[in-house]
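One structure follows; several queries about it will come next.
Read-outs throughout are calculated quantities, based only on the coordinates presented, and are distinct from any laboratory measurement. This structure is a prediction, so every number in the text was calculated from the model and none was measured. Here the Cβ is made from the backbone with ideal geometry for all residues, glycine too, and neighbour counts use every protein chain on show.
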Amino acid sequence: MFNSNAYNYINLLDKAADASWLRESTITNNIANVDTPGFKRKDVNFESVLKSELGNTKYISLDDKVNHADMDHLNPVTYTDASGYSYRLDGNNVDIDTEEAELASEQIRYSGLTSSISQEIARFKSVLK
């Protein structure tokens, strides 16, 4: 991580990419355990942590929000979906179709985040030339 306000967007995108990677791994683990009796699906929550850190004030610009965000508090939260809803007799609540759709969605999100990081770095390189 860099310690300059110029890199705040890159740092924020980096945290989001890390959270997306963690979510992909978690979903992959859910898929791997689709036949494990009693297994409860897990998921990762980063969006609410990000919203909380950036705040909900609409009168502050995004630049100001990002510049004042504490990157140390932007950590994804992994939780177990232990709601009693299971359509299966073995107690497993992993729905393979839902997990595969979520995995595809997360892969697209991760690709977009890494592309955004690359574009931000390219902007810095163009300024330095």
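Please compute one quarter of the surface area of the Cα convex hull for region 71-129 and express it in square nanometres.
Mean projected area of the Cα convex hull: 6.2 nm².
Viscosity 1.567 mPa s, temperature 4 °C: give me the Stokes-Einstein translational D for region 36-97 in µm²/s, with Rh taken as the Kirkwood radius over C-alpha pairs.
91 µm²/s
Under 5 Å between amide H atoms, partner at least 5 residues away or on a different chain: which partners does Thr78 have, H built in plane at 1.01 Å?
Amide H to amide H, under 5 Å and 5 or more residues apart or across chains, Thr78 pairs with Asn45.
Between beta-carbons, use under 14 Å as the cut-off and find the net charge around Asp72, counting Lys and Arg +1, Asp and Glu -1.
Here the count lands on -3.
Can you work out ³J(HN,Hα) from phi for every residue in region 32-44, in order, using Karplus 6.51 cos²θ - 1.76 cosθ + 1.60 and θ = phi - 60°, giving whole Hz and x for Gly and Pro?
5, 9, 4, 9, 7, x, x, 5, 10, 4, 10, 8, 10
Please list log₁₀ I(q)/I(0) at q = 0.18 Å⁻¹ for the chain, using the Debye equation with identical point scatterers on the alpha-carbon positions.
Log10 I(q)/I(0), no solvent term: -0.99.
Run the quick spin-label model on Thr114 and Ser48: label points 7 Å from Cα toward the beta carbon, then report their separation in nm to one decimal.
Those two pseudo-labels are separated by 2.9 nm.
Kindly write out, for region 116-129 in residue order, the coupling ³J(HN,Hα) from the Karplus curve 6.51 cos²θ - 1.76 cosθ + 1.60 (θ = phi - 60°), rounded to whole Hz, with x marking Gly and Pro.
The phi angles translate into 5, 4, 4, 5, 5, 5, 4, 5, 5, 4, 5, 6, 6, 6 Hz.
Once R0 is set to 25 Å, what does the formula 1/(1 + (r/R0)^6) return for the Cβ-Cβ distance between Ser25 and Asp70, expressed as a FRET efficiency to the nearest 0.05?
0.50
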